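As structure tokens, the structure follows; a few thoughts come after it.
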């Protein structure tokens, strides 16, 4: 008799380990909590289905990020959206706490908005290297490019981001 | 900006995290959508009794605790939260039990609940829930207005509408004093005005005492001044 319990436990560990990263990866690109939640859950739903069909997945990180990237492309293709930061929040004058919070998060929003305007590969290398702390080697495995290419890409990504932020 | 500073700023984005309740519910949803067991039903049943009693009891307790936590989380959820959709199903179910004449009061009660939610949002600084809550508030007002135009002369129903409208007015002023703009409720005011006009038409044909005539004058003055819930209160008094 064949059991799927161990597969489920295995994928649960993958879920627990990557849900935050995949969510953040998508959120930085789409700038919307609702869309990030929808797409992230779809990533893991598809991931779980694939996981059950295959014997094992060598690189869960690459596997999940690939699904996420495909879903983001599909999302923009279907919705016809451009990459804009969605400004949904009303301006709050009082109380003080809300005002302080707005000032703090506006700083982060500027960086996130800047990243979301870069090309896809630049966004990816920045997120993977600085937020997910993936090594150059790991990123080269995901993108199937040489480590040298990844280093150059990272350097150019930072330069583009700096230019983007200075423009604003 | 120096590269080092830029990198430090980028790293602050590590604070972007999904909500814990969403993570929990999504996990459950993913695994409940694809449940594949190649065990026969007999084997599954037998497996259950292979578990030690202590494990079963502690599992049941855990399930109970998770259940209670879930119920509490649903009740305290705000528009925009994942669990709010579960709360909304409950609220909609209660609404479906109301008669057509009770619905305006029920929708106004929901609008008041959304104003209470806005109070909570201001206290706990959950800015991201502001817009969904205001939308839900406006939605409840629109639904109340649709049904207000259909209600018949019923002092119990009007009493409920007066009570909810008064509470709405007070809450709205309190929320707006915090700097939160929830928009105009002109359509509600118009619907209340029409209700008052219908009631006043009915009263014109009735024989009133001197005291009642004076009250009617006050009702008309309140109506002209746009003080609709006061006018409705006066109409209720006249009906007693």
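The values are calculated or read from the model by the stated rules, or taken from the named source; none is laboratory data. On a predicted model such as this, the values are computed, not experimentally measured, just so you know. When we count neighbours, we look across all protein chains shown, and the Cβ atoms used for this are built from the backbone with ideal geometry, even at glycine.
Values computed for the structure shown
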quantity: Residues of region A:25-66 that turn out to be farther than 28 Å from residue B:10 by Cα, under 19 Å from the mean Cα position of the chain (by Cα) and more than 9 Å from chain B (Cβ to nearest Cβ), as a count; calculated: 1
quantity: Any hit, region B:137-159, residues being surrounded by 15 or more Cβ atoms within 10 Å (Cβ to Cβ), under 30 Å from residue B:81 (Cα atoms) and in contact (Cβ under 8 Å) with a residue 60 or more places away in the chain; calculated: no
quantity: Residue check, residue B:182 surrounded by 19 or more Cβ atoms within 10 Å (Cβ to Cβ) and within 14 Å of chain A (Cβ to nearest Cβ); calculated: yes
quantity: One residue from B:164, B:206 being in contact with a helix residue (DSSP H, G or I) (Cβ under 9 Å, 6 or more places away or on another chain) and not in a helix (DSSP H, G or I); calculated: B:206
quantity: Residues of region A:11-20 that turn out to be more than 10 Å from chain B (Cβ to nearest Cβ) and buried (at least 20 other Cβ atoms within 10 Å of the Cβ), as a count; calculated: 1
quantity: Considering residues of region B:180-203 that are in contact with a helix residue (DSSP H, G or I) (Cβ under 7 Å, 6 or more places away or on another chain) and assigned to a loop (DSSP other than H, G, I, E, B) only, the residue modelled with the lowest pLDDT; calculated: B:183
quantity: Of all residues in region B:167-179 being out of contact with any helix residue (DSSP H, G or I) (no Cβ under 6 Å at 6 or more places or on another chain) and within 14 Å of chain A (Cβ to nearest Cβ), the one that is nearest to residue B:142 (Cα to Cα); calculated: B:176
quantity: Count of residues meeting criterion [assigned to a helix (DSSP H, G or I) and closer than 18 Å to residue B:187 by Cβ] in region B:100-153; calculated: 27
quantity: Only listed residue being at pLDDT below 95, over 17 Å from residue B:28 (Cβ atoms), touching a helix residue (DSSP H, G or I) at 6+ places or on another chain (Cβ under 8 Å) and part of a loop (DSSP other than H, G, I, E, B), chosen from A:55, A:81, A:29; calculated: A:81
quantity: Hits in region B:217-239 - residues which are under 24 Å from residue B:105 (Cα atoms) and free of Cβ contacts under 8 Å to residues at least 24 places away in the same chain; calculated: B:219, B:220, B:222, B:224, B:225, B:227, B:230, B:234, B:237
quantity: Restricting region A:118-168 to residues that are more than 14 Å from chain B (Cβ to nearest Cβ) and outside any helix (DSSP H, G or I), the residue that is farthest from residue A:21 (Cα to Cα); calculated: A:146
